[in-house]
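The values are calculated or read from the model by the stated rules, or taken from the named source; none is laboratory data. These numbers come from a predicted model, not from an experiment. Here the Cβ positions follow ideal geometry from the backbone for every residue, glycine too, while neighbour counts run over all protein chains shown.
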Amino acid sequence: MKPLLVTASAIALMIGATACSQSKSEAQTASLDQPVTETPAATTNEAHENLTADVESMSRAEVAAETHADYTLASDELLASDLIGASVQNPAGEDIATVADVWIGEDGDAPKLILRESGVAGIGGTLHAISFDAAKILPVSGEDEPDVRVTYSEASLETLPEFEQNGLDDFRLASEVMGATASLPFGDNMLRVKDFVLNQDGTPEYVVVADGMAGMDLFVIDADALKIEQGDGDGSVMIDLDADTLAKAKMLKRDK
């Protein structure tokens, strides 16, 4: 009986080995038959999309720094926002008024300084309009208000006619335009007028704008591009520029 048991065991081992060998061979064959998956290289469109995503992840300031040149005020230029609120002195250097606003009027109108005498903190008092020729304005560095000297004494200033605006919010005053939303001749985007760059004679040379309501970067565009339709309380403002010109607008830089 023992020889029979040994033979039976040997046969069982041979059958098991054969089965394992067959199983291994089938697994290897299946592995060879299975296609190899390779990661395809990025297409041109995918590479462009990746680059676009990188640009979109940049901040507005980083993008602007890459695409816009800087604009710095010249020595004979000043911002309307710096001028408005500045103290006005007589020839002796005594404070007699403050600059209440800048009259920009309609096309062809000469700019005027609107002075407030006897007012307190920009309220009350009497308004008078004088020409820029009657004032000497010295811009200062940084964001300090300019020095404004006029040829009038306090007594002679009081004799001037009182300035009265015919309509309200008709965009004839710089302060009415500053803060206004301006439409563009393309797309649905809007710009917000933030300021004016003025020459010494008060003529607006550039308009300072920001992108939409929350834009922080300030850009300068030619004042001729600003189109204003006056109206008593219902005027409109438009920036007449094409997209390419606007994209190349310079970014305003201020000395600190």
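Checking the stated criteria, Ser81 turns out not to satisfy the condition of being within 29 Å of Leu226 (Cβ to Cβ), at pLDDT below 90 and under 26 Å from the mean Cα position of the chain (by Cα). Here Gly215 passes the criteria (1) in contact with a helix residue (DSSP H, G or I) (Cβ under 6 Å, 6 or more places away or on another chain); (2) over 21 Å from Arg172 (Cβ atoms) except the one numbered (1).
If the condition is being assigned to a loop (DSSP other than H, G, I, E, B) and modelled with pLDDT under 80, then region 119-145 contributes Gly119, Ala121, Gly122, Gly124, Pro139, Val140, Ser141, Gly142, Glu143, Asp144. Taking strands (runs of 3 or more DSSP E) as the structural unit, those lying wholly within region 179-223 and holding at least 1 residues that are farther than 12 Å from Met238 by Cα and at pLDDT below 90 correspond to 204-211. Being in the same structural domain as Trp103 (by TED's automatic domain parsing) and basic (Lys, Arg) is the requirement here; does Arg149 meet it? The answer is yes for Arg149. Of all residues in region 177-206, those satisfying the criterion of being buried (at least 20 other Cβ atoms within 10 Å of the Cβ) and over 20 Å from Tyr71 (Cα atoms) are Val177, Ala182. Does at least one position in region 222-231 carry a residue that is in contact with a Phe, Trp or Tyr (Cβ under 8 Å, 6 or more places away or on another chain), under 21 Å from Ala74 (Cα atoms) and free of Cβ contacts under 8 Å to residues at least 24 places away in the same chain? Yes, some residue in region 222-231 is in contact with a Phe, Trp or Tyr (Cβ under 8 Å, 6 or more places away or on another chain), under 21 Å from Ala74 (Cα atoms) and free of Cβ contacts under 8 Å to residues at least 24 places away in the same chain. For region 51-78, the candidate set comprises residues that are loosely packed, with under 10 Cβ neighbours inside 10 Å and of a type in the set (Ser, Thr, Tyr); within that set, the residue that is modelled with the highest pLDDT is Ser75. Just to be sure, is Glu106 at pLDDT below 80 and either closer than 22 Å to Tyr152 by Cα or in a loop (DSSP other than H, G, I, E, B) (or both)? Criteria met by Glu106.
If you check Leu241, Leu246 for being touching a Leu at 6+ places or on another chain (Cβ under 8 Å) and either more than 24 Å from Leu78 (Cβ to Cβ) or not in a loop (DSSP other than H, G, I, E, B) (or both), only one passes: Leu246.
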